[in-house]
Amino acid sequence: MIGTFINTAAVVVGTGVGLTARRFLKPRLRETTMQIIGLMTLMIGVQMSLSEKNPLLPLASLLLGAIIGEGLDIEAKLDALGNALQQRFSNEGGSTFSQAFVSTSILFCVGPMTIMGCIQDGLTGNYSLLLVKSLLDGVSSAFFTAALGWGVLFSAGTVLVVQGTLTLGAGWIGNVLTEGMKNVMFATGGLMMLGLGIRLLNLRPIPVANFLPALLIAPLLVWLMNLWR
């Protein structure tokens with residue numbers, strides 16, 4: 001769990017740095033910063049989506065996950081949580097606060113470094129991969145905070161819960177997930193990152209949070225396909 005604690009602290013520190021920088025950034029420069037983050041997210045999405053050579057499995061996972069996510073209305077529930085946190089702790093605009101919370105929660109918790117880093121930490125106690133992720137998340141949280149405000153801070157709680165759960169369950173997860181399952185999961189997460197990047201660039205309001213069940217569907221589809229072989 002040490003890696004997760006460091007990662008959580010990195011997000012908190014990055015938020016503090018971003019809040020300081022935000023005071024000196026003009027609105028136009030904040031918008032430019034947001035565009036840079038959006039482009040960076042697209043780049044990450046492209047890299048992750050190439051993890052799987054067969055595009056049908058990630059697409060099927062995303063479609064089935066979206067159906068479940070739309071039924072559960074995950075995006076609206078996360079927005080409501082963000083708005084509730086905003087009303088309780090901040091005077092910033094609700095939409096900006098919620099966007100900061102939801103976007104960074106997804107960005108920090110969906111990706112190969114999250115899964116592999118937590119498995120490595122949980123099984124061996126080696127948290128070197130999570131240290132690298134902590135550095136990246138700390139820098140990202142500073143940029144996000146400078147652009148959108150301190151709603152980013154509450155994504156530290158998401159990191160703590162998600163990565164803590166993965167680390168504690170590392171033994172089971174490491175035994176269950178095959179290399180093929182991981183590749184499809186990473187590719188599916190990459191498509192979600194592409195959606196998040198498009199959203200951050202204000203090109204289209206894609207409800208990325210509704211795609212989250214796809215990360216659970218992906219390894220299940222690989223398992224079912226292996227049964228038919």
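Can you find even one residue in segment 54-62 that is in a helix (DSSP H, G or I) and either touching an Asp or Glu at 6+ places or on another chain (Cβ under 8 Å) or more than 18 Å from PHE211 (Cβ to Cβ) (or both)? Working first, answer last.
To start, the set of residues in segment 54-62 that are in a helix (DSSP H, G or I) comprises 56-62.
Add one more test, that the residue is either touching an Asp or Glu at 6+ places or on another chain (Cβ under 8 Å) or more than 18 Å from PHE211 (Cβ to Cβ) (or both), and what stays is 58.
For segment 54-62, residues in a helix (DSSP H, G or I) and either touching an Asp or Glu at 6+ places or on another chain (Cβ under 8 Å) or more than 18 Å from PHE211 (Cβ to Cβ) (or both): present.
So which of LYS133, LYS77 is within 24 Å of ILE6 (Cα to Cα) and of a type in the set (Lys, Arg)?
Numbers: LYS77 fails: within 24 Å of ILE6 (Cα to Cα).
Checking each option against the conditions leaves just LYS133.
On the basis of being part of a helix (DSSP H, G or I), within 21 Å of LEU62 (Cβ to Cβ) and of a type outside the set (Val, Ile, Thr), does GLY122 make the cut?
Numbers: part of a helix (DSSP H, G or I): yes; within 21 Å of LEU62 (Cβ to Cβ): no; of a type outside the set (Val, Ile, Thr): yes.
So GLY122 does not fit the description; no.
Being on the phi > 0 side of the Ramachandran plot and either surrounded by fewer than 15 Cβ atoms within 10 Å (Cβ to Cβ) or touching a Gly at 6+ places or on another chain (Cβ under 6 Å) (or both) is true for just one of ASN202, ASN175, ASN210. Which residue is that? Before the answer, list the steps.
Numbers: ASN175 fails: on the phi > 0 side of the Ramachandran plot; ASN210 fails: on the phi > 0 side of the Ramachandran plot.
Matching residue, one of ASN202, ASN175, ASN210: ASN202.
A quick yes/no check of all residues on (1) at pLDDT below 90; (2) closer than 16 Å to ILE37 by Cβ; (3) of a type in the set (D, E, K, R):
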site	(1), (2), (3)
THR178	yes, no, no
MET185	yes, no, no
GLY189	yes, no, no
MET193	yes, yes, no
LEU196	yes, yes, no
ARG199	yes, yes, yes
LEU212	yes, no, no
ALA218	no, no, no
LEU224	no, no, no
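Inspect segment 46-63 for any residue being surrounded by fewer than 15 Cβ atoms within 10 Å (Cβ to Cβ), under 19 Å from the mean Cα position of the chain (by Cα), of a type outside the set (A, V, I, L, M, F, W, C) and under 21 Å from MET185 (Cα atoms) and give the result as yes or no.
Among the residues of segment 46-63, at least one is surrounded by fewer than 15 Cβ atoms within 10 Å (Cβ to Cβ), under 19 Å from the mean Cα position of the chain (by Cα), of a type outside the set (A, V, I, L, M, F, W, C) and under 21 Å from MET185 (Cα atoms), which makes the answer yes.
Hey, TYR127 hits all of (1) touching a Leu at 6+ places or on another chain (Cβ under 9 Å); (2) over 28 Å from LEU227 (Cα atoms); (3) of a type outside the set (Lys, Arg); (4) buried (at least 20 other Cβ atoms within 10 Å of the Cβ) but one; which does it fall short on?
(1)
The values are calculated or read from the model by the stated rules, or taken from the named source; none is laboratory data. Predicted model only: the values in this text are computed from it and were never measured. Cβ coordinates were reconstructed from backbone atoms using ideal geometry, including for glycine residues, and neighbour counts include every protein chain displayed.
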